[in-house]
Structure formats: C-alpha cells, structure tokens
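Report on one structure; see the data block that follows.
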Amino acid sequence: MKKLLLPLTLLTAMTGSAMAAGNDVKVGVLLGFTGPIESLTPDMANSAELAFKEASDSSLLLGGKKIVPVRADSTCVDSAAATAAGERLISSEGVAAIYGADCSGVTGAVAKNVAVPNGVVMISPSATSPGLSTIKDNGFFFRTSPSDARQGQVLAAVLKSRGIKDVAVTYTNNDYGKGLADSFNNAFKAVGGKVSITAAHEDGKADYSAEVGALSAAGSKHLAVFGYLDQGGKGIIQASLDSGAFENFVLADGMIGDSLIKAIGKDLTGTVGTVPGGASKGAATYSDMAGKAGIKKDGPYVGESYDAGALIVLAMQAAGSADRAAIQSKIMMVANAPGEKIMPGEIAKGLKILAGGGDIDYVGATNVEFNEVGEVLGSFKEVEVKGGKFATIKIY
C-alpha cells in the first residue's frame, strides 16, 4: 500500500500556500504540448481547465477564489525537461497542485524528483504504466486512467473475440511501451494467443523499414503497435504499408487519435484497438459539456482530464485551504464513497456541500473510485476504424 501519509511535521515543512495575488490559486497543467502525443494534449488541457473554470465561475471555491492554470510542457518523452518544467511550476510559480503529467516515464520522473519531495499532489489523466502502481509517492500521486495491467487483458480479450490468434508486437522503448507490451503478451498467451515476436522501436527515426522487416519475418499477419500516434508508432504503420509487410493493425491508447487517421488514410480501415472510456451517465453528460466547450468530446483522456481537475478543486474545498498538504489529505475523501454523488457539471454543487461540512463522492465522467494506491479500475472502449474515424464497438 503506497498511500501512507508522511508525518504531519514533515508535511508542514514541505508545503506552503500556493496563493497568487488576490483571489487566485495557481494549479500546474503539465502535458506534452510538444512531442509524440501533441495532437492529443490541447483537448486534454482544455478539459481539465473546464473543471477549473467551473469552480472559479461558481464563486464558491474557498470563499470566492479563482483557479489560474499554469501550463508547462512535459514533452512526453524527455524526463529531464519534464522535471525542469515541474520544478518551475513548483518553485517559481508556486502551484498548489499539478494536473499531469501525461506519459508514464516523464510522470514518474516528475513525481520522484520534484513533486513528492516538495509535497505536491499530482493527478495524471493518462500515465498508464503498471510500474507507477508501486512508486514511493508518500500519498501524493494519483491517476484517473486505469493501469495498462488491465488494458493488456482487455486488448487480449478483444483479439480473442475477433478470432485473432497470432500477432507480432512492437512497442515504443520506454516505461509505457514496455509495460503495456508485457501486460498484453502475458494476457494474450493466457487466452491461447501466440506472440511471434516482440521488438522495441525508438521514436524520432525517419526510416522504420528495418524494424518492420524484422517484425514481418516472424510470420504474423497482424501487427500490434504500442507506441505514439504522432511519432514512431505512426512511422511503423506507414513503413508497414509502404513495404506491404502488414495490412492489419492492433492499437492501444497511445495510438488512438484523429491525427493518425489523417496521416495514414483509408489504409487504416478495419484497425482495432482499445482506449480508456465508458458509456455511463456521467460520460454522456461530460460529452455534451465538452462539445459545447469546443473540446473533442470523444478524444482520448479528455474525461479523465476533467475528472483530475475536478478532484483538485474539490479537495481544496474539503480542506478549506490551497495548502499543498491539506489538498493531499482530502483527495481520497472527495473521490470515494460515501457521500453525495457528484457528476460532471456539478462541481458547484460539490463545493457547496463541502463548504457546509458535508461529504461527497465524486463520480464524474469516468466513474472515479480510487483503490488504496490512488488509481482507478476504469473501463475501456473497443474501437475500430470505420468511415474515417475510430468507432466504439464495445465497452469492457
């Protein structure tokens, strides 16, 4: 169990008020605005900031305070740059908490090197590596996205249901890719599938023909690509199509997005994959809200982003303070039962209940309920490229 609290005296020494001038409270927004998922992050950031705006506009947060988002670039892949960005948010900007980071490697680096040592809560909407379940976070790291330990199982079930029994696997050479590949390989073999080859690929290369040649030589007709839609994963698929090595692709969350379909075109038709998401009442409500706000309502990790933002402001209200340690102490309380259920668009309702000394159970867009290590079980969508878009086939 990793949600053990630090001694109160140590917490107090590590933390401080993150108030800006007047009624402003700064919150960090740490995402890969450049890098291999840069086409996804604008909607993710806008979604979290939609929750911040909802709280600010209510005039109920901490007696009328406003949230000021402070954006910083995690790059998704450069841990040193992400750590520097996190340090700036914490030390220079004085943020109360951090929404983010996004990709697993940079998230772990920021948590270990700057957030946890300084007693700052991080809530990631998209860092899914199984390894993050056991980091020594002293109770300051949470994620609203489910672990890839579960995604691997779901994807294996999807392939079994479609009669796909033999695949080659390539993964981006980092914590996310390796963790997902291991999870999927174990789960696929457990349901009777065969993995003919598993090989890492590096992002940022101009030519992936050698990697594709080795994958193709293993003899599978389907290629599972666990990478990034704006980087190496896209390059692997394009090289596969150019050479005729593969025509059938299996994708996971880091590859799901409109930019991939735009780049590859109709050759991607029939591609299957998985991405976190569900079909709950909260998801439907959030979808309507996102559409009205100009956010891609079915984009990857947008619901998880809204929920992460909502949890930060609700924890502030429950604590009665923007103090970093106080926020941490209330995240689990506002996220989990018992309490009045709070849905998307009801942040003001939650703030009012908390101000009156009541308890809430934030459900949100993704049915948030944290386990003892601060992460969700979550649900996944089976998707397939049809008619030039990722269409949802089934919810797991």
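Does Ala245 count as assigned by TED's automatic domain parsing to the domain that holds Ile197 and aliphatic (A, V, I, L, M)?
yes
Which one of the conditions (1) within 21 Å of Phe52 (Cα to Cα); (2) assigned to a loop (DSSP other than H, G, I, E, B) does Glu372 fail to meet, given that it meets all the rest?
Status for Glu372: all satisfied but (1).
Quick one: is Val385 touching a helix residue (DSSP H, G or I) at 6+ places or on another chain (Cβ under 9 Å) and either part of a loop (DSSP other than H, G, I, E, B) or in contact (Cβ under 8 Å) with a residue 40 or more places away in the chain (or both)? Give the steps one after another, and end with the answer.
On the way: touching a helix residue (DSSP H, G or I) at 6+ places or on another chain (Cβ under 9 Å): yes; either part of a loop (DSSP other than H, G, I, E, B) or in contact (Cβ under 8 Å) with a residue 40 or more places away in the chain (or both): yes.
For Val385, the condition - touching a helix residue (DSSP H, G or I) at 6+ places or on another chain (Cβ under 9 Å) and either part of a loop (DSSP other than H, G, I, E, B) or in contact (Cβ under 8 Å) with a residue 40 or more places away in the chain (or both) - is met.
Using the structure shown, decide if Asp288 is surrounded by fewer than 22 Cβ atoms within 10 Å (Cβ to Cβ), part of a helix (DSSP H, G or I) and acidic (Asp, Glu).
On the way: surrounded by fewer than 22 Cβ atoms within 10 Å (Cβ to Cβ): yes; part of a helix (DSSP H, G or I): yes; acidic (Asp, Glu): yes.
Taking the combined requirement at face value, the residue satisfies it.
Of all the residues that make up segment 265-308, how many are under 22 Å from Glu375 (Cβ atoms) and of a type in the set (Asp, Glu)?
Adding up the residues that qualify gives 2.
Among the candidates Ser243, Ser220, single out the residue that is loosely packed, with under 14 Cβ neighbours inside 10 Å and either aliphatic (A, V, I, L, M) or in contact with a Ser or Thr (Cβ under 7 Å, 6 or more places away or on another chain) (or both).
Exactly one of Ser243, Ser220 is loosely packed, with under 14 Cβ neighbours inside 10 Å and either aliphatic (A, V, I, L, M) or in contact with a Ser or Thr (Cβ under 7 Å, 6 or more places away or on another chain) (or both), namely Ser243.
Residues of segment 322-362 being of a type in the set (Ser, Thr, Tyr) and either part of a strand (DSSP E or B) or crowded, with 20+ Cβ neighbours inside 10 Å (or both), which ones?
In the first step, residues of segment 322-362 are kept if they are of a type in the set (Ser, Thr, Tyr); the result is 329, 362.
Scanning segment 322-362 gives a single hit, Tyr362.
Say we look at segment 187-226 and pick out the residues that are charged (D, E, K, R) and touching a residue at least 12 places away in the same chain (Cβ under 8 Å); which of these is farthest from Val275 (Cα to Cα)?
Ranking the qualifying residues of segment 187-226, first place goes to Asp207.
Could you tell me whether segment 74-96 includes any residue that is modelled with pLDDT of 95 or more and within 13 Å of Gly309 (Cα to Cα)?
Yes - at least one qualifying residue is present in segment 74-96.
Need pairs with beta-carbon distance below 9 Å; first residue under 16 Å from Pro344 (Cα atoms) and within segment 34-58, second part of a helix (DSSP H, G or I) and modelled with pLDDT under 95; sequence gap 6+ or separate chains.
Partner pairs satisfying both residue conditions: none exist.
Which residue out of Leu10, Leu61, Leu6 is more than 20 Å from the chain's Cα centre (by Cα) and at pLDDT 95 or above?
Within the list Leu10, Leu61, Leu6, the selection yields Leu61.
Would you pick out the residues in segment 62-85 that are in contact with a strand residue (DSSP E or B) (Cβ under 6 Å, 6 or more places away or on another chain), under 18 Å from Ile37 (Cβ atoms) and not charged (D, E, K, R)?
Ala72, Ser74, Ala85, listed by residue number.
Test of understanding: among Ala206, Ala210, which residue is outside any loop (DSSP other than H, G, I, E, B) and over 30 Å from Asn367 (Cβ atoms)?
Only one candidate passes the filter, namely Ala210.
The values are calculated or read from the model by the stated rules, or taken from the named source; none is laboratory data. Treat the numbers as computed from the prediction; the structure is a model and nothing was measured. Heads up, the Cβs are rebuilt from the backbone with ideal geometry, glycines too, and the neighbour counts pull from every protein chain shown.
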